[in-house]
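Chemist: Please find one structure pasted underneath; my questions will follow.
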Amino acid sequence: MRLPCRNYGRWGTCNMSTPLTTQPDQGPALHVVIVGHIDHGKSTLIGRLLHDTHALPIGKLEEIQAAAERQGVRWEFAHILDHFAEEREKGITIDSAQMQFRHRDRTYVIIDAPGHREFLGNMVTGSSQAEAALVLVDVTQGIQPQTWRHCYILGLLGIRSIAVLINKMDLVGYSEDAFNRMKQDVEQVLSACGVTAQEVIPIAARLGENLTQRADTMPWYQGPTVLDALGHFQSAQVVREELRVPIQDVYDVDGQPMAVGRIESGVLRAGRSLWVMPEGRPLSPSWAIRKYLQPPLAEAQQGDCIGIHVADSQLRRGQMIVDREAVACRDRIRASVLWLANRPGRVGDRAVWKGTTQEVPAQLTRIVKRFDPAEMAVVESNAAEIGPSEVAEVELLLAHPVVADAFGQIPQTGRFTLEMDGEPIAGGVVLAGE
Ligand code: GDP
């Protein structure tokens, strides 16, 4: 049986034979995005992590150091990332935006996110899928608007494995008070974005302090190092009860339709009753779970890419397979959105709403509240416009109903993008209620 399976599109890649990046002798790699305001030390941290975990090819460090010397520039660990970026531009490496290192039998894939647009864009197109995040904050600068936006996007994307790294501790004499003040600020921001940091770690990226080993300079800090914190992060997502399988494509396999897609939530068990949404009709009971080149399965889990083999000619991309008859479909959505387009969003604007594989024409019918991106305080109720990079609570009217769960209940089917002329103009999460 040959089963073509093309890119899943928005929220991930559906490849039924290799669902995750794996190494032959270990479990799945953990994809970690590193975010932070410019100059807070992201490149330095990445360079240092690659160096301190011996992930650089032999001779690479010397090559980069020699190049810096030739140009008369003071050596910085950040040059490692610049070097990869140059290689990428020259086409020497295929994808150096993703860098890897290994620690205690696990591979970590570092996703560099230069700005919040790139970050959301990469996640939205499925070109990178962060499961964990390191949020960098320069202790001398504090929280910046970009830090807010990054934290908001982490919440939007449902990333729960987060460590905040308070960087440049050497510049404040390794002061515990300075660290505690910053920790409090960051925790406030995160909680406003609906996320919590599992760890807040004081570091000096340039000096490698508290990255791979505890630093003597901060004896008051008893928590984990950055590598220890990463080691505690789980790559598996929480398995939820309710089944959601967005249909990505339908193929003809052995003369019968095969609807393929990834199980976004729940467990698919053979013999269960299933329904097709938004139509709300029951699926023919004689269906089978298939995986590439495998006999029918009794069960498949959240995150698995599977095929549902069934005599049903009505199946098509954009439908959702669920295991309860009473799953609510809606054409009115109340949501929190981050406006990405350069021009403001206005009440009455039309766009395409995209959530998992569902695509529906939509209209922005109300801007309930507009937030100041720097402070996350409400600046206007019932606004006429949302400015670029602003966050707003909005109401959308869709041309027909979709399965859109409250993000707090099922994050995978509770997030969406709005697109205009093929470009994402906003990313959002569905709020509970209408
Ligand atoms: P990015 O824009 O977030 O990638 O920031 P960079 O990694 O380029 O760092 C910006 C500047 O901060 C560089 O000059 C770094 O050397 C410096 N820097 C980074 N980490 C530290 C640190 O722990 N201590 C000090 N003093 N400077 C740092």
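Chemist: Tell me the relative contact order for the chain as a rounded percent, counting alpha carbon contacts under 8 Å between residues six or more apart. Before the final figure, lay out the partial values.
Modeler: On the way: 966 pairs, mean separation 57.9, N = 434.
Computed over the chain, the figure is 13 percent.
Chemist: Right, next: For segment 330-430, what size does the Cα cloud have along each of its three principal axes, sorted from largest down, in whole Å?
Modeler: If we take the Cα atoms of segment 330-430, the spans are 32, 30, 20 Å.
Chemist: A further question on this structure: Cut-off 10 angstrom, C-alpha nodes, Gaussian network model of the chain. Which of 331, 421, 312 fluctuates the most?
Modeler: 421
Chemist: Which of 145, 72, 58 sits farthest toward the positive end of the charge dipole of segment 23-232, with +1 on the Cβ of Lys and Arg and -1 on the Cβ of Asp and Glu?
Modeler: In segment 23-232, that residue is 145.
Chemist: A further question on this structure: Sort 52, 138, 254 so that the residue with the fewest other Cβ atoms within 10 Å of its own Cβ comes first and the one with the most comes last. Please report the intermediate quantities before stating the final value.
Modeler: Working: 52 18, 138 21, 254 8.
Ordered by Cβ neighbours within 10 Å, fewest first: 254, 52, 138.
Chemist: Here's something else I'd like to know. Give me the number: length gained by fully extending residue 409 to residue 71, i.e. 0.36 nm times residue separation minus the C-alpha to C-alpha distance, one decimal in nm. Can you show the working numbers first?
Modeler: Working: separation 338, 0.36 × 338 = 121.68 nm, distance 5.37 nm.
Residue separation times 0.36 nm, minus the Cα-Cα distance, leaves 116.3 nm.
Chemist: Using only C-alpha atoms and all pairs of different ones, pull out the Kirkwood radius for segment 23-232 in Å with one decimal. Intermediate results must be reported in sequence, preceding the final value.
Modeler: Details: mean 1/r = 0.0572 Å⁻¹.
One decimal place: 17.5 Å for the Kirkwood radius.
Chemist: Now for a different question. What's the extension gain from residue 82 to residue 382 if we count 0.36 nm per residue and subtract their Cα-Cα distance?
Modeler: Values: separation 300, 0.36 × 300 = 108.00 nm, distance 4.46 nm.
Taking 0.36 nm per residue and subtracting the Cα distance, the gain is 103.5 nm.
Chemist: Apply the Karplus curve 6.51 cos²θ - 1.76 cosθ + 1.60, θ = phi - 60°, to the phi angles in segment 343-360 and return the couplings in whole Hz, x for Gly and Pro.
Modeler: 9, x, x, 10, 4, x, 4, 10, 8, 9, 8, 10, x, 6, 9, 7, 9, 9
Chemist: Follow-up. When a/c reaches 1.5 or more, the comparison of a/b and b/c decides; with that in mind, is segment 245-322 rounded, prolate or oblate per its Cα gyration tensor? Could the numbers behind the result be given before it?
Modeler: Working: a/c = 1.30, a/b = 1.08, b/c = 1.21.
Cα axes put segment 245-322 in the rounded bin.
Chemist: How big is the dipole moment of the chain about its Cα centre under a simple scheme where the beta carbon of each Lys and Arg is +1, that of each Asp and Glu is -1, and everything else is neutral? Debye, nearest 20, please. Each step should come with its number before you reach the end.
Modeler: On the way: 43 positive and 53 negative charges, 184 e Å.
The dipole of the chain has a size of about 880 debye.
Chemist: Treat every Asp and Glu Cβ in segment 35-84 as -1 and every Lys and Arg Cβ as +1, leave all other atoms uncharged, and give the resulting dipole magnitude about the Cα centre to the nearest 20 debye.
Modeler: On the way: 5 positive and 7 negative charges, 11 e Å.
The calculation lands at about 60 debye.
Chemist: I would also like to ask the following. Taking H placed 1.01 Å from N in the peptide plane, check which residues at least 5 places from residue 138 or on another chain put their amide H under 5 Å from its amide H.
Modeler: Long-range HN contacts for residue 138: 167.
Chemist: When every alpha-carbon pair in the chain is counted, what percent end up more than 40 Å apart?
Modeler: Numbers: 21924 of 93961 pairs.
Tail of P(r) above 40 Å: 23 percent of Cα pairs.
Chemist: List the residues whose amide H sits under 5 Å from the amide H of residue 209, counting only those 5 or more places along or on another chain, with H placed 1.01 Å from N in the peptide plane.
Modeler: Correct list: 204.
Just so you know, all these numbers are worked out from the coordinates, no wet-lab data involved. Since we're looking at a predicted model, the values are computed, not measured. For neighbour counting, all protein chains shown are included, and Cβ atoms are generated from backbone atoms with ideal geometry for every residue, glycine included.
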